[in-house]
Amino acid sequence: MQLSLEHVGKTVGPTAHLYPLSLNLAPREVTVLLGATQAGKTSLMRVMAGLDTATIGRVLADGVDVTRVPVRQRNVAMVYQQFVNYPSMTVAQNIASPMRLRGERGVDQRVRELAARLHIEPFLDRLPAELSGGQQQRVALARALRKQAPLMLFDEPLVNLDYKLREELREELTHLFATSDSTVVYATTEPGEALLLGGHTAVMDAGELLQYGPTAEVFHAPRSIRVARAFSDPPMNLMAAEAVAGGVRVAGGEVWPLALPADAPARLTLGLRAGGLRVVQRPGDVAVPGRVELAEIAGSDTFVHVHTAVGELVAQLTGVHDCPLGDPITLYLRPDQLFVFDAEGPLVQAPARAGRAG
């Protein structure tokens, strides 16, 4: 399906849930809606599905205006954060229901194959009430996938699952989406999930569409500070600076060497993702001394919060590091890995990507 939104907005009373936006989804690809809670992702998906009607603008499906066509008259599959299953049907019957409605053959075998991929094959003869919340959510996912609707909407479907299973299912869903003919819209708060799913990403914040494009391009060239912070976990480190001869002067007076465009503004904000900070110096690095304020171990990484002269920084260090609170620490970064923004927000310059000029 080619889904297009033309100047679509949604208000409820005096409150704007969606500010007017236009969006043409790539057909038969994944579009990720990325943004924090209350960014407008669910409101936008409900308008796409026909559960809600846009206050202004039009929704077009393959060129046909469906703005006021209710969801019952659209061929759409949607999975919410909270699972929705038929309580009187077994797991197998829930998954098979869309196929049986279409009169398909070989239903049982395909149900077992999909159940195995989503790790629910042992539960096919059970009722949903006999399953855990995570298992019921996987049943809802399987039923939506088997419906094979031309438009499939997933509203943070893995958020209530445990970490290990969430990681496994992300990879499995990526493969399933890649072999599907459906247009997929997938909402998430997690930048890592957007990168794994690939396709295109629409970054949203407070009801606004900030940027839309191929996921890798949005990640490597966020057009504003708001996009950069939304597409970084933890949020991108930001440092005030000014353009000077030979580079940028940061708080504390030090000048870091950095080639800037000739028309760069005088007042700048420098951005650096947490993974761009190190505790071991490499050629071309500049040193940023500071003091440890907090150290968090998350999985195989350590997130170190450091108070420095250039601002409060968070470094993502691979492995488990012992960083006692209050201890001095020196972080290192390469100036050519910095994002440069106008102090007012727009992107001035992004770091050159490996294998690309400029």
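The values are calculated or read from the model by the stated rules, or taken from the named source; none is laboratory data. Computed from a predicted model, the values in this text were never measured in an experiment. When we count neighbours, we look across all protein chains shown, and the Cβ atoms used for this are built from the backbone with ideal geometry, even at glycine.
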**Message:** Out of Gly290, Gly311, I need the residue that is under 30 Å from the mean Cα position of the chain (by Cα), closer than 27 Å to Leu258 by Cβ and small (Gly, Ala, Ser). Which one?
**Reply:** Gly311
**Request:** May I ask you to say which residue of Ala274, Ala243, Ala262 is out of contact with any strand residue (DSSP E or B) (no Cβ under 9 Å at 6 or more places or on another chain) and not assigned by TED's automatic domain parsing to the domain that holds Met45?
**Result:** Ala262
**Members of the range 158-187 that are at pLDDT below 90 and crowded, with 23+ Cβ neighbours inside 10 Å** = Leu158, Leu173
**Request:** All but one of (1) at pLDDT below 95; (2) farther than 21 Å from Trp256 by Cβ; (3) among the hydrophobic types (A, V, I, L, M, F, W, C) hold for Ala352, so report the exception by its number.
**Result:** (2)
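Taking the conditions exactly as written (out of contact with any Leu (no Cβ under 9 Å at 6 or more places or on another chain) and among the acidic types (Asp, Glu)), does Glu208 satisfy them or not?
No, not satisfied.
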**Request:** Would you mind finding the one in Asp327, Asp342, Asp301 that is over 19 Å from Val279 (Cβ atoms), touching a strand residue (DSSP E or B) at 6+ places or on another chain (Cβ under 9 Å) and among the acidic types (Asp, Glu)?
**Result:** Asp342
**Request:** Scan Gly192, Gly134 and give me the residue that is in contact with a helix residue (DSSP H, G or I) (Cβ under 9 Å, 6 or more places away or on another chain) and modelled with pLDDT of 90 or more.
**Result:** Gly192
**Request:** Check the range 321-332 and report whether any residue there is at pLDDT below 95 and surrounded by 18 or more Cβ atoms within 10 Å (Cβ to Cβ).
**Result:** yes
**Request:** Please go through the range 338-349 and pick out each residue that is within 29 Å of Val292 (Cα to Cα) and buried (at least 18 other Cβ atoms within 10 Å of the Cβ).
**Result:** Leu338, Phe339, Val340, Phe341
**Request:** Starting from the range 293-317, take each residue that is assigned to a strand (DSSP E or B) and surrounded by 17 or more Cβ atoms within 10 Å (Cβ to Cβ) and list its partners that are at pLDDT 95 or above and among the aromatic types (Phe, Trp, Tyr), counting only C-beta distances under 9 angstrom and pairs at least six apart or across chains.
**Result:** Ala295/Phe303; Val314/Phe303; Ala315/Phe303; Gln316/Phe303; Leu317/Phe303
**Prompt:** Among the residues of the range 100-108, is there at least one that is among the aliphatic types (A, V, I, L, M) and within 23 Å of Val71 (Cβ to Cβ)?
**Reply:** yes
